[in-house]
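> Okay, handing you the structure first.
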Amino acid sequence: MSYIPVIRGVIGRRILINYQVDPSTITSILPAPFRPKLIDGVAIAGICLIHLQAIRPKGMPSFVGFSSENAAHRIAVTWDEQGVAKEGVYIPRRDTSSSLSTLVGGKLFPGMHHRAAFTVADDGYNVRVALVSEDGQTRLRLVGQEASALPSSSVFTTLDDASEFFQRGSVGYSATQHPDHLDCLELRSFNWKVRPFHVDQVEASFFDDQRLFPAGSIKFDSALIMRNVEHEWHSCDQLSQSSYDERGVIAR
């Protein structure tokens, strides 16, 4: 693995859009060694919409950093390493407004980043986000506002349950230009706090694609929002899919 410095910055706004998905549907999408992480018998997948500010290598002053809007499609997963169960997220797709992240994807931020145009309106309560990727593969529209409670239909009984679930998914493995390899990135937040976010409208081309998610296999669960989070990104060891068999066991 090539050296990638620790990256520091502020998450100005982070919205997690969450779906309940049939486990067999998600399993068909996941590469080895990942298995869907289940809660009440369903898998959890979604999109992380994140506004990053003052992003720069650790140790450099904040004024040299850059800002960007970003979207990551995520699936909560578990896997085994040397007989020990691990958990995190698998990220099949990343989109960004940053030309820098697109150019140096895998060197500054692990994983392959696709350039996208973002339109954002955020007054501190109401939020609208729309994006269209340059390659036409990703389209998204979100309209909503901060809320006081999760939907009654959510699989998460309490906000604390949801918070813990997603905080434990701090390690993410991202698709790269090399089909056999996944880059790893760990988010370390210094003031983690989530609040419910009410969604008035959400359209997401990936999760609306019935070739991937047949009718009845997926439904909206909930959304969460975070603001002004000091954080660092730490790279971790790249994963080689060919090291695992179809059961997710290290091949000998």
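The values are calculated or read from the model by the stated rules, or taken from the named source; none is laboratory data. All values derive from a computational prediction rather than experimental measurement. So basically every Cβ, Gly included, is an ideal-geometry build from the backbone, and we count neighbours across all protein chains shown. Protein only, heavy atoms only, side chains kept; ligands, DNA and RNA dropped before computing areas. Shrake-Rupley method; radii C 1.70, N 1.55, O 1.52, S 1.80 Å.
> Scale the Cα Rg of the chain by the rule-of-thumb value 2.2 N^0.38 Å and send over the ratio, two decimals.
Values: Rg = 17.4 Å, N = 252, 2.2 N^0.38 = 18.0 Å.
Dividing the Cα Rg of the chain by 2.2 N^0.38 Å gives 0.97.
> Give the residue list of chymotrypsin sites (Phe, Trp or Tyr not before Pro) in the range 183-246 that are DSSP loop and have at most 11 other beta-carbon atoms within 10 angstrom.
Values: sites: 190, 192, 197, 206, 207, 220, 233, 244; in loops: 190, 192, 206, 207.
Counting only loop positions with at most 11 other Cβ atoms within 10 Å, the chymotrypsin sites (Phe, Trp or Tyr not before Pro) in the range 183-246 are 190.
> So if the hydrodynamic radius of the range 1-89 is defined as the Kirkwood radius over C-alpha pairs, what does Stokes-Einstein give as its diffusion coefficient at 37 °C and 0.692 mPa s, in µm² per second? Walk me through the intermediate numbers first.
On the way: Rh = 15.3 Å.
Diffusion coefficient, whole number: 215 µm²/s.
> So, in nm, how far is label residue 149 from label residue 237 when the simple model puts each one 7 Å beyond its Cα toward the Cβ?
Output for this residue pair reads 4.6 nm.
> Next question. Search the structure for amide H atoms under 5 Å from the amide H of residue 155, placed 1.01 Å from N in the peptide plane, and list their residues when 5 or more places away or on another chain.
Those lying under 5 Å, H to H, from residue 155: there are none.
> Sequence-distant or interchain residues sharing an amide H contact under 5 Å with residue 235, placed H: which?
186
> Solvent-accessible area per residue for the chain at a 1.4 Å probe radius, Å²?
On the way: 11990 Å² over 252 residues.
Ligands and nucleic acids excluded, the figure is 48 Å² per residue.
> Rounded to the nearest percent, how much of the accessible area of the chain (1.4 Å probe, protein heavy atoms only) is carbon and sulfur?
Numbers: 5920 of 11990 Å².
On the chain, the fraction of accessible area on carbon and sulfur atoms equals 49 percent.
> Once you have the Cα-Cα distance between residue 125 and residue 62, take 0.36 nm times their residue separation minus that, and quote the gain in nm to one decimal. Write out the running numbers ahead of the final one.
Numbers: separation 63, 0.36 × 63 = 22.68 nm, distance 2.59 nm.
My answer for the length gained is 20.1 nm.
> Calculate the dipole size of the chain relative to its Cα centre from +1 charges on Lys and Arg beta carbons and -1 charges on Asp and Glu beta carbons; express the result in debye to the nearest 20.
Working: 25 positive and 28 negative charges, 97 e Å.
Once rounded to the nearest 20, the dipole reads 460 debye.
> Given an 8 Å cut-off on Cα distances and at least 6 residues of separation, report the relative contact order of the chain as a percent. Provide the component values of the computation, followed by the final result.
Details: 609 pairs, mean separation 61.7, N = 252.
Here the relative contact order equals 24 percent.
> Okay, moving on. Hey, got a sec? Which trypsin sites (Lys or Arg not before Pro) in the range 1-68 land in a DSSP loop and have at most 15 other Cβ atoms within 10 Å? Numbers along the way, then the final one.
Details: sites: 8, 13, 14, 37, 58; in loops: 37, 58.
Filter output for the range 1-68: 58.
> Length gain on complete extension for the stretch residue 171 to residue 78, per 0.36 nm per residue less the alpha carbon to alpha carbon distance?
Values: separation 93, 0.36 × 93 = 33.48 nm, distance 1.07 nm.
Using 0.36 nm per residue and subtracting the Cα-Cα distance, I get 32.4 nm.
> Something else now. Report the one residue of 54, 92, 150 whose Cα lies farthest in the direction of the positive end of the charge dipole of the chain (charges on C-beta: Lys and Arg +1, Asp and Glu -1; origin at the Cα centre).
The listed residue farthest towards the positive side: 54.
> Taking R0 as 25 Å, what's the FRET efficiency between residue 160 and residue 191 from their Cβ-Cβ distance, rounded to 0.05? Spell out each step's value before the answer.
On the way: r = 16 Å, r/R0 = 0.65.
Once the sixth-power term is evaluated, E becomes 0.95.
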